[in-house]
1. In whole Hz, with x marking every Gly and Pro, tabulate ³J(HN,Hα) for the stretch B:9-16 from phi via Karplus 6.51 cos²θ - 1.76 cosθ + 1.60, θ = phi - 60°.
2. Output the peptides A:51-57, A:13-19 sorted from most to least packed, where packing is the average of other Cβ atoms within 10 Å over each peptide's residues.
3. If you add up the charges near residue B:61, with Lys and Arg at +1 and Asp and Glu at -1, over every other residue whose beta carbon is less than 11 angstrom from its beta carbon, what do you get?
4. Not counting ligands, DNA or RNA, and with a 1.4 Å probe, what is residue B:50's accessible surface area in Å² rounded to the nearest 10?
5. Give the average, rounded to an integer, of partner chain Cβ atoms located within 10 angstrom of each Cβ in A:74-87.
6. What does the structure give for B:15-26 when I average, per residue, the other chain Cβ atoms found within 10 Å of the residue Cβ?
7. Using only protein heavy atoms and a 1.4 Å probe, how much accessible area in total is buried between B and A, to the nearest 100 Å²?
8. Report, for residue A:44, each distance to the same residue's label point in the other copies, shortest first and in nm; define the point 7 Å along Cα→Cβ.
There are 2 protein chains.
Amino acid sequence: MTDPLSRTLSALADPTRRAILARLVTGEATVNELAEPFDISLPAISRHLKVLETAGLISRGRKAQWRPCRLEPGQLKAVDGWLERYRRFWEDSFDRMDLYLASLQKGSIDGEPN
Amino acid sequence: MTDPLSRTLSALADPTRRAILARLVTGEATVNELAEPFDISLPAISRHLKVLETAGLISRGRKAQWRPCRLEPGQLKAVDGWLERYRRFWEDSFDRMDLYLASLQKGSIDGEPN
């Protein structure tokens, strides 16, 4: 029922899951390795991994016992693509802020507003 | 309890809320204007707006009756900043894919794997 982008954003809306992805940037890792920095149970980590896997953000190796996790960047790229139309918007905002700050420095705030 | 980035990503994990933001790229809009393209009730739209406002993705005007909604790009910029470390990763992936496709074209797939 849920569209892929919503599923991805929902999976990312959790600091533990984002920390797991951040770890996987440095390379593949097992569930035990991923669990190490967190003060939560292995089953809880496994549930987080299942959410990330369902969202297509990670994949798991096929080796029966080891099953290393790997970051899959395609869905993050989809989020980046969705953001694209808004990028211009905040760049514009910062341009306007720059103009405003420049006008402050020129002291025009004391004269006519421009 | 929820961190701002998680709240933002959670707010974005809904196609109606993303469509509302897409509409606000073109300028401020009232609740009635925002509700128009959707086959859902005004109270339901208001709930979506509340989620977006709590996440800092929109702000509402102070005029008592009209209260236009406006896109606030700061939190989207935070998502963009979070994505930054992963951007390199998928660019690398596409570079690797390019190399793979180039090797296919050179016919090296029929010889020694490289």
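1. Using θ = phi - 60°, the values come out as 4, 5, 5, 7, 7, 8, x, 5 Hz.
2. My ranking of the peptides, most packed first, is A:51-57, A:13-19.
3. With Lys, Arg at +1 and Asp, Glu at -1, the net is +4.
4. About 120 Å², rounded to the nearest 10.
5. Counting Cβ atoms of other protein chains within 10 Å of each residue's Cβ and averaging gives 5.
6. Partner Cβ neighbours, averaged per residue: 2.
7. Accessible area lost upon association: around 2700 Å².
8. From this label point to the equivalent ones elsewhere in the assembly: 3.5 nm.
The values are calculated or read from the model by the stated rules, or taken from the named source; none is laboratory data. Every value quoted in this text rests on a predicted model; they were computed, and no experiment measured them. For neighbour counting, all protein chains shown are included, and Cβ atoms are generated from backbone atoms with ideal geometry for every residue, glycine included. We work out accessible area using only protein heavy atoms, side chains counted, and drop any ligands, DNA or RNA first. Shrake-Rupley method; radii C 1.70, N 1.55, O 1.52, S 1.80 Å.
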